[in-house]
1. Averaging over every viewing direction, what projected area does the convex hull of the Cα atoms of the range 69-196 cover, in nm²?
2. Expressed as a rounded percentage, what relative contact order does the range 20-478 have, with Cα pairs under 8 Å and six or more residues apart?
3. Exactly which chymotrypsin sites (Phe, Trp or Tyr not before Pro) in the range 355-385 are in a DSSP loop and have at most 10 other Cβ atoms within 10 Å?
4. With 31 Å as the limit, write out which pairs from Lys184/Lys342; Lys109/Lys247; Lys125/Lys201; Lys131/Lys226 have Cα-Cα distances beyond it, or answer none.
5. What 222 nm value per residue comes from the helices of the chain, counting each DSSP H run with n ≥ 4 as -39,500 (n - 2.57) and dividing by all residues, nearest 500 deg cm²/dmol?
6. Let me check I've understood the local charge: for Gly224, count other residues with C-beta under 15 angstrom from its C-beta, Lys and Arg +1, Asp and Glu -1. What total comes out?
7. I need the trypsin sites (Lys or Arg not before Pro) found in the range 181-285, filtered to DSSP loop residues with at most 14 other beta carbons within 10 Å of theirs.
8. Show me the ranking of peptides 172-180, 285-293 by mean Cβ neighbours inside 10 Å, starting with the highest.
Amino acid sequence: MAFDLSNFVALPFFSIFVALVFAIIIFTNYKTSNLRNKKNLPPGELGFPWIGETLEFYKAQKKNKLYEEFVQPRIQNYGKTFKTRLMGSPTVVVNGAEANKFFLSNEFKLVVSSWPSSSVQLMGKDSIMEKQGDSHRCIRGIIATSLSISGLEAMVPKICKSVQLHFEENWVGKNVISLYKMTKTLTFTIVLECMLGIEVKPDMLGVFERVLEGAFSPPFGFPGSKFSRAKNARKEIEKMLMNIVRKKREEIEVQQGGEEGRLLLFRLVMALIRGEMSEKEVVDNVVLLVFAAHDTTSFAITMTFRMLAHHPNSYSQLLQEHRDIKNNKRSGEMLTLEDIKKMNYTWQVARESMRIFPPIFGSFRKAIADIEYDGFTIPKGWKVLWTTYGTHYEADYFEDPLTFNPSRFEEPVQPYVYVPFGGGPRQCAGYQLAKLNILILVHYVVTQYEWSLVYPEEQIAVDPLPFPSQGMPIRINPKLS
Ligand code: HEM
C-alpha cells in the first residue's frame, strides 16, 4: 500500500473531529438527563441527540399522515401532551382546544413563534413573523386597515376582474386545466395587485416561487442547492421591490395620497415616510405576505372543489346559492360585498374542507420561560408544536370527525376548536382576503363552468405544505348562459 502524506496529515484532524462529536453528544445527553432529573417533563422519547424522532416525523409528514402516524400513536401511549426531539430541538407536542388556547393566546408572554432558519433568511428578519411587541402590532395594524370593511368593499370588484381576466387568459379554449396551478397564479395576482397594489410582471411568479421552494429546505448554501437558488431569487426580488417602494415613495411625496390610499403598499410606504418602518421592513413584509397567502389559499380552494366533487348533494345546494345570487344581477355585473355575505353555505363547505384538509398542520413556538402546563414543566428554550388536527380530527370536538358535513358549521364553534387560521395575537392576518378569494373564485367557476375531477382519488403530497400530487387537473366545459 502506498504511503499517502495527505492521509497522515488529516489523521489528527479527523481524531479531533470525532472527539468533538462525542463531546457534544455526551454534553447534550448530560444536559437533557440533568433536566429530566430536575423537572417534571412530559412523557415521550427524546431519542438520540440532535436527530431524536426527526426521521419518523418526516416519514409521516411526506405521506400527509403526520397526525395518524406520528401524533396519534404517541397520544395513545403518552397522552395529549408529549415530548419528542425534532431537528435538534427538544419539542413538546400539544393537542386539544385547551392547549391551542393556552399556547396561542400566550404568544409574547410565555412563547414566541419559532420558524426554521431557512424561512427566516428567505422571508427576511424584518417580516411580521419575526416581530414582537410594538413593531408586530404596527404591521398588523397596517394590514388590518387594508382589510377593514371599506378596504374589502373596494377589493371585491378588483378580485372579480382578476378572476375574469384569469379565465380569459388561462381557461378559455381549454378542456383540462390544473386547478392547483391556476389558483396559485390567481392568488399571487390577487395578493400583489388587489391587496398590495403592485402590478404583476411576466417573470415575477417564477422568481417568488423559487424563494418559496427553499423556505423549508436545509439552510445549506452550496451552489445548486434549493436553498442557494432560493437565496439568489430572494436577492432578485429584493432589488425589484426596492425599486417599486422607492418609486411609490416619490409618487406619494409628489401627489400626497389619492385614490390608491386603500391599498397596502401605499400604507406601508406611508409608514416608511413617517419613519415607523424601514425600506427593508416594507420589502420583507411584501415577501412574507405572498408566502403566507400562496400555497395555503390554493390548497384550501382545491380541497373545496375536491369535496364538492365527492359530495353531489352539497354541490347542488351550493350551486343553488350561487344561481340565486347570479339571478339577482344584471348580465356582467360584478359581485359586491353584500353578495358575498349571502354565500353562507359555500363558506360552510370551505370551512369543512379546511377542517378535514387544513392547509397548515400547526406551527412551532419556543418557550421563553419555564412553562407549567397540563401538570408538566416545559423548560425555557424548548419548542412547542400545536396542531390543527388535535381538535379537527377528534370526536370530542367534531362528531364523526372524518365525515364531510358542512352543516355542522351552522352552529357557532367554541373558540380554539376550529383553528385552520391559528388563534391569538398571531391569528392569520389575511383571513378576510383568503375568504374573499375562495368565495369569489367558487362563484365564478360554478356559475360559468361544468367541471369534474380528472383523478378523483388523487393523493395529497406534502413538501412541507400539502398539495394535490398531480396538481388536481379538472375537465372544464363552459356553461351556456
Ligand atoms: C386558506 C388560507 C390561509 C390559511 C389556512 C392561513 C393560515 C394561517 C395560520 C395558521 C397562521 C398562524 C401561524 C402561527 O400561528 O404560527 C397564519 C398567519 C398569517 N397569515 Fe395566513 N393563512 C391563509 C391565508 C393568508 C393570506 C391570504 C394572507 C395575506 C394576504 C395571510 C397572511 C398571514 C400573515 C401575515 C400571518 C402572520 C400573522 C402574525 O404573525 O401576526 N394568510 N395564517
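1. On the way: hull surface 48.9 nm².
Taking a quarter of the hull surface, the average projection is 12.2 nm².
2. After rounding, I find 24 percent.
3. Values: sites: Phe361, Phe364, Tyr373, Phe376, Trp382; in loops: Phe361, Trp382.
Sparse-neighbourhood loop chymotrypsin sites (Phe, Trp or Tyr not before Pro): none present.
4. As for pairs spanning more than 31 Å Cα to Cα, those are Lys109/Lys247.
5. After summing the helix terms and dividing by the residues of the chain, the value is -17000 deg cm²/dmol.
6. Net charge around Gly224: +3.
7. Arg274
8. 285-293, 172-180
A short reminder: the numbers here are calculations on the coordinates, not readings from a lab. Just so you know, these numbers come straight off a predicted model, no measurement behind them. FYI the Cβ positions are ideal-geometry reconstructions off the backbone, even for glycines, and counts take in every protein chain you see.
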